[in-house]
1. Rounding to the nearest 20 debye, state how big the charge dipole of the chain is about its Cα centre with +1 on each Lys and Arg Cβ and -1 on each Asp and Glu Cβ.
2. Using r as the Cβ-Cβ distance of Arg58 and Asp158, and R0 as 56 Å, what FRET efficiency do you calculate, to the nearest 0.05?
3. Of Ala209, Leu297, Tyr45, whose Cα points farthest to the positive end of the dipole of the chain (charges on the beta-carbon: +1 Lys, Arg; -1 Asp, Glu; origin at the Cα centre)?
4. With every protein chain present, what is the per residue accessible area of the chain (1.4 Å probe, Å²)?
5. Ordered by residue, what ³J(HN,Hα) values in Hz, to whole numbers, does the range 76-82 give under the Karplus form 6.51 cos²θ - 1.76 cosθ + 1.60, where θ = phi - 60° and Gly and Pro are x?
6. Counting Lys +1, Arg +1, Asp -1, Glu -1, what net charge surrounds Ala308 among other residues with beta carbon under 12 Å of its beta carbon?
7. By the gyration tensor of its Cα atoms, with a ≥ b ≥ c the square roots of the eigenvalues, what is the shape of the chain: rounded for a/c under 1.5, prolate for a/b over b/c, or oblate?
8. Compactness ratio of the range 114-243: Cα Rg over 2.2 N^0.38 Å, N = residue count?
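The values are calculated or read from the model by the stated rules, or taken from the named source; none is laboratory data. The shown structure was predicted, so the numbers you read here are calculated from the model rather than taken from an experiment. Glycine gets a Cβ as well: all are built from the backbone with ideal geometry, and neighbour counts include every protein chain shown. Remember, those area values only see protein heavy atoms, side chains included, never the ligands or the DNA or RNA. Shrake-Rupley method; radii C 1.70, N 1.55, O 1.52, S 1.80 Å.
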Amino acid sequence: MNSPKSPRHRSFIPDDDDDAILDPIQLMQHLRNKESQLALLVIDYDALSAKFKTTDDREKVLIDKVAHQKQTIYALEDEAEKRRVDMELMREEFASAKLHVVRLQNIIDLKNASETARVKSWDVFRRLYTLDQESDELAFENVKIGDEGAMIVSSSMDAFTALTSLSLAGNNIGLRGIDALSVPLIETKLRIINFSHNWLGDDAAPTLAVVIKNTGVQTINLSSNRISCEGAVVLARVLEGDAQLTSLKLEDNRVGVRGIQALSQALLVNTSLSFLSIKQNQIGDYGSTSVASMLRLNQGLTDLNLVANDIRDAGIRELCAGLAENFTLRNLRLLNNDNMGPASKKLLVTMQQTSVSKKLRIYF
């Protein structure tokens, strides 16, 4: 029986015969092969290292480019801000230059105006010419610019080509001011006009009627303008043939019975007006009778405001009779008609529950 071979006698060269005798030539050849393989591995390692280094360099280049682009963006933002400031200064300078030209040419007559009116008027002019002329809204509210300021606004209207909304509420504008405004208003694309809380009065009603008739205005607010029945009659005539106006506010005027009669008569044929506010106009029970007759036939109104009009039990009964035949009204406001009794309130509740449209809401 053969004894196990000593480990030092085992061959390092792969061979099918485990008992092969160690051959120095084969061993050298095997070592050379391993050395060649190692050299190839070294070459592969160097190549990979070079690639990683190239990738790292590219990453650094990209980081540098991103940093540079950020700096460029910051610089552009700074430049844009600088140009915006410059534009504001240019607008200010343009306003001053235009103001000087207007003064020289006497385009607007302020000779008879008070010093306060002059100062306010020129301030209006300066503000106008510093506004964005592509804006669709222009508002000077509660700054008491008066007729002189309205004239300046009038002379500047052509600069605002995209204007769709104009508010001059609370500015003590009277007949002279609205007359000056009427011509440029007709040439605009206005959809919303707010002339509330001024001094227009009945004398301005014909001018207002022309504006409503000859513009595409859809909403107009004439509240608190000292308009009585005479002015309401004039406005009612334009409503009879107008097919664009959808909202009319005449709150806190003095329309009275005759005025609401004229407006109700116009709304027998007008179908475009959906909102009417006659809040605080002293129409009483007699005026409510006219409104009730209108409601029987009107097919356009969806919102009617009769708040604070001294409507009592007789007026409420008339209104409910008219509502019983109305299909379109959705909101009826009767708050602050404090002299209606419990029976009237009960009748209003019943009317709301049994209305033809089933969607009527009555606020009282």
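1. Charge dipole, the chain, about its Cα centre: 1580 debye, nearest 20.
2. For Arg58 and Asp158, the calculated efficiency is 0.40.
3. Leu297
4. Computed with neighbouring chains in place, this is 59 Å² per residue.
5. Values per residue, Gly and Pro as x: 5, 4, 4, 5, 5, 5, 4 Hz.
6. The answer is -2.
7. oblate
8. Ratio of Rg to 2.2 N^0.38 Å for the range 114-243: 1.00.
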